[in-house]
Amino acid sequence: MHGFNGIWVPLVTPFLHHEIDFPALQGLARRIAAAKVAGLVVCGSTGEAAALNDTEQLSVLDAVIDAVPGCPVVMGLAGTQMDAVFSHLASIQRRPVAGLLVPPPCYIRPSQAGIVQYFELLADAARVPLILYNIPYRTGVDMTLETIRTLAQHPRITAIKDCGGDPWLTLQLIADGEMQVLAGEDHQIFSSLCLGAAGAIAASAHIHPEWFVRLGQLIEAGELEMARQLFHRLLPLIRLLFVEPNPAPVKALLAHQGLMDGALRLPMQSASRDLQGRLVSALQLLEEPEISMLAAVT
């Protein structure tokens, strides 16, 4: 089974004057990779892939691969027009990607049989592993346990990003052991990892990614009390980062840190002024010496 263990960060796509800010993108990728994360995900929902055309998406992928040689990079792949999806897949596979993060096609709400066929056709054409992306509040369709179990039998469908919001489904997928389960809701990272999930794809890990890496290390080592303390300190910021639609709050805090501009593409809106203030206050509390010591690698 291909390894998608650990903390993965779904990169935001920085914009400046409505265009992709490649220096900021590459600087951010290098900073996060230096924190020893398991890998990066580009052109997912956090990366505003829906606001990028295919050429822009490939340019983002190329820039990140160039910036972090040796760091695994997973590419998002989504669409509803099959010829276009296969064409984009072919272009992606000319690059050295570690895998593909693929949701069911949005808006059209296919049947479960249609979802199975969609993923199996893509997996047949893929040369790298697929990570299923179950996120019904974005796609408009849920993936049932039976559907996921069927797809897990395909040799190139090896993991799932779990944003389904069903704890029983999460538990069953972990218990099945047929694919790696990656927490996709950041407030569920601790519980999912304790239950046996392989890792997480966490937008909030843009902010001090080394602390999220440390959280995973503590859980893996069985240091649950220290892990619990660290997670409870991170949780207020995690909650604030999703008060308004992702990735606006994450971008606002990265802009506060001087790493990029906080702009998004329409119809997405920047984080409200009130939320920006609350985010900065939460970050300041996190950066007190107590948590820095708690998160320090021993």
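The values are calculated or read from the model by the stated rules, or taken from the named source; none is laboratory data. Note that the structure is a prediction, hence the values are computed from the model and not measured. Cβ sites come from the backbone with ideal geometry, for glycine too, and all protein chains shown count toward neighbours. Side chains are part of the model used for accessible areas, which takes the heavy atoms of the whole protein and leaves out ligands, DNA and RNA. Shrake-Rupley method; radii C 1.70, N 1.55, O 1.52, S 1.80 Å.
Here are a few things to note about the model shown:
- Using a Förster distance of 22 Å, the FRET efficiency for residue 232-residue 284 (Cβ separation, nearest 0.05): 0.80
- Contour minus Cα-Cα distance for residue 82 and residue 138 (0.36 nm per residue): 18.3 nm
- Based on Cα atoms of the stretch 29-140, Rg over Rh with Rh as the Kirkwood radius reads 0.96.
- Extension gain, residue 117-residue 51: 0.36 nm per intervening residue step, less the Cα-Cα distance, totals 21.1 nm.
- For the chain, the 222 nm mean residue ellipticity estimated from helices alone, with every DSSP H stretch of n ≥ 4 adding -39500 (n - 2.57) and the total spread over all residues, rounds to -13500 deg cm²/dmol.
- Accessible surface, the chain, averaged per residue in Å² (probe 1.4 Å): 44 Å²
- Relative contact order, percent, the stretch 59-181 [alpha-carbon distance under 8 Å, six or more residues apart]: 20 percent
- Difference of contour (0.36 nm per residue) and Cα-Cα distance, residue 261 to residue 62: 69.6 nm
- Highest average packing first - 36-47, 229-240, 82-93, Cβ atoms within 10 Å: 36-47, 229-240, 82-93
- The stretch 38-89 - percent relative contact order, Cα under 8 Å, separation 6 or more: 47 percent
- Paramagnetic label reach from residue 153 (point 7 Å along Cα→Cβ; backbone nitrogen cut-off under 14 Å): within the stretch 119-141, residues 120.
- Look at the dipole of the chain built from charges on Cβ: of 80, 126, 199, the Cα furthest out on the positive end belongs to 126.
- Peptides 183-192, 151-160, 65-74, ordered by how many other C-beta atoms sit within 10 Å of their residues on average, highest first, read 183-192, 151-160, 65-74.
- Relative contact order of the chain, pairs being alpha-carbon contacts under 8 Å that are 6 or more residues apart, as %: 18 percent
- In terms of packing, defined here as the mean over residues of other Cβ atoms within 10 angstrom, the peptides 198-206, 112-120 line up highest first as 198-206, 112-120.
- Converting the Cα gyration tensor eigenvalues of the stretch 182-228 into ellipsoid dimensions via √(5λ) gives semi-axes, longest first, of 15, 13, 8 Å.
- Estimated dipole of the stretch 21-100 in Debye, rounded to 20 [Cβ of Lys and Arg +1, of Asp and Glu -1, Cα centre]: 400 debye
- Share of carbon and sulfur in the accessible heavy-atom surface of the chain [1.4 Å probe, %]: 54 percent
- Under 5 Å, built H, 5+ apart or other chain: amide partners of residue 7: 38, 200
- Simple label model, 7 Å out from Cα along Cβ direction - residue 146 to residue 26, nm: 5.1 nm
- Within the shell of other residues whose beta carbon sits under 10 angstrom from the beta carbon of residue 218, the net charge comes to -1, with Lys and Arg scored +1 and Asp and Glu -1.
- Note on the stretch 128-253: Rg/Rh from Cα positions, Kirkwood definition for Rh, rounded to two decimals, is 0.97.
- Under the Debye formula (equal points on every Cα, no solvent term), log10 I(q)/I(0) of the chain at q = 0.10 Å⁻¹: -0.51
- Amide proton proximity set for residue 74, modelled H, under 5 Å, gap of 5+: 40, 41, 42, 98
- Using the Cβ-Cβ distance between residue 94 and residue 220 with R0 = 41 Å, the FRET efficiency computed as 1/(1 + (r/R0)^6) comes to roughly 0.70.
- Sum of side-chain charges, residue 282 neighbourhood, beta-carbon under 12 Å (Lys, Arg +1; Asp, Glu -1): +1
- Among the DSSP helices (H) of the chain, those spanning at least 18 angstrom by Cα along their long axis with an average Kyte-Doolittle hydropathy of 0.0 or more are 54-67, 112-125, 224-240, 273-286; this is a geometric and hydropathy rule only.
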